[in-house]
Structures are given as structure tokens and as C-alpha cells.
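Working notes, structure below.
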Amino acid sequence: MTEPNLRVRVLARALRELRERARMTQQEAGDRLRFTNRKMSRIETGQLPSYHELQAMLDVYGLVSTDWPPYLAMWERAKEKGWWHTYGIPNRGYVPLEAQASEIRSFQLGMVHGLLQTEGYVRAVFTGAADPARHTPASVARGVEIRRRQRRVTADEPLRLHSIVDHTALRRDLPCMQEQLAHIVMVAELENVTFQVIPPGIGAHAGLSGSFTVLSFPSPADPAIVYVEHIAGSVEVEKEQEVRSARLAFDQLASLALSHDESVRLVDRMAAEL
């Protein structure tokens, strides 16, 4: 099962901190709330409590009612449904995290990052997938429709995107590649977008084990998350040491890659050659 979305994580962490400040163990708090240990653990790792359960927790943790509003507001934000619900995407996984991020640093070994993909590219990737049961015509259409997430890159307060891609991903034999490459060149003109290519001739590097994305959020209190997608699903990592390792790997890849300007010129030439 995928991890809970950021807003639920924020509330879960706040409740855990309140319990610890009250010098209660999970067992002690659960006994007073009539919650099982399992339920306490689920709430503190990202299960949204009911409104009345939240109020009971705040009371047991010793907060006076005048101090409740910030936590009630967190709960309201956590239960809000984002635009992605319209497309059948649950309030978990990558898309909600991306929607709440302020900066994305992504290395892609085999594909163009989703925020840079054209409709033709999305269709080609989905329809060429190995699992036709998973990628039905309806799921392909949904994949195209949720390209609306790309609006974050051109919003009034735009998402900062640093995308590094291996050159092999740009040489896929797809009918849409000229359009896709031209689109990358256009988006790369935005000040909030950095685009780099790992060129041919680079030997072993940190990205050979696979693609990964580091998502950072507006508040320093919200820890960065590393997202890794694989053939059987995905993994979201919050552990500080593992996030630090991913950042170091990304920095190494950025130092090996062509500069932004060199990368854009390369992609422009590749598009012209098609």
C-alpha cells in the first residue's frame, strides 16, 4: 500500500509530538482514548482520525480548547480532496505529493519526466506497457487527462523543477519524439526549470540503479521525500539518511550531466534531426 499524502503526514506528526510532549506512551494514550495499540500506531503513521477522535486526542494530550484551531485546520486540510480525485486517483501516492511540493529534483533513466511529457508521449508510453490489464484504454485516457499537473510549472508561484535524464531516454523510437523533444526545449526556457542530459560516454554513475525523485515542500517542518517507482509499484522514503543519500546521488548526476544550456542545445539538435 502506498504511503499517506503529505497533509495527513503533517497531522500525524503533530499528534505524535503532542503525545510525546504529554509524556505518554502510545499504550497509555490508547488506554485513555479507548483506542487499540494498532489504531494508535495507524493514526501516528498516517491514518486520518475522525473529527471527534481528533478532539478527544487533543483533550487527552492536555490542550486547552483555545489551542485546538491549528490542529482542527490541519485535519480539514488533510481530508480535502484534490483535483486528482476527479480522475480516480486516491489521496495517496506521487501525484498528490507532487501537487503539494515546492521543488522537484528528478533523475529519469528511461523516460521523460511526467511534467515534461506531451500527450503523444503519454499515449505511446501507456499503450506500449507490458501489462495491458493495467493500462486499459480508460487508464491511458486518464494518464493523458492528468497532464493538467503540468500547470504547476507555469503557475503564479511555480514549482521548481530540476530534471536530469539519461540520453537514451531521448532516443526512443517513438512517432511522437520530435514533438516531445521540441516541447522539452520550450519548457526548459522557463526560469524555474533546469534540464540536464547525461551524455553518451559517461561511465558508471549513481543513476544506473534506476530513476528517483526528491520532493521538497514549502515548510521546513515537512521533510523531503524520495519517490522511487518500480515494476510492482512504488516506494516513498522519508528517513533522513536515505533522503540525504538520494540528494548526494542527484548532485553527482548533475555534476556529470551537460549544463542546462548544453542540454537544451543537444535536444534541439536531436529534434531537428528527426
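Values quoted throughout were computed directly from the atomic coordinates according to the rules given, and no laboratory measurement underlies them. Just so we're clear, the structure is a prediction, and the values are computed from it rather than from any experiment. Don't worry about glycine lacking a Cβ; one is built from the backbone with ideal geometry, like all the others, and counts go over all protein chains shown.
The figures follow:
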| quantity | calculated |
| --- | --- |
| DSSP beta bridge pairing in the chain, given as percent antiparallel to the nearest 5 | 55 |
| Charge tally in the Cβ shell below 12 Å around Ile104, where Lys, Arg are +1 and Asp, Glu are -1, Ile104 excluded | +2 |
| Dipole of the chain, positive direction: furthest Cα of Val10, Pro200, Leu63, with charges on the beta-carbon | Leu63 |
| Contact order normalised by residue count of the chain, Cα under 8 Å, 6+ apart, percent | 19 |
| Calculated diffusion of segment 6-79, Stokes-Einstein form, Kirkwood radius summed over Cα pairs, 10 °C and 1.306 mPa s, µm²/s | 132 |
| Helix-only CD estimate at 222 nm, as mean residue ellipticity for the chain, using -39500 (n - 2.57) per DSSP H run (n ≥ 4) | -13000 deg cm²/dmol |
| Longest to shortest principal axis, alpha-carbon extents of segment 145-211, angstrom | 40, 29, 21 |
| Test item: Cα-centred dipole of the chain, Lys/Arg +1 and Asp/Glu -1 on Cβ, debye | 800 |
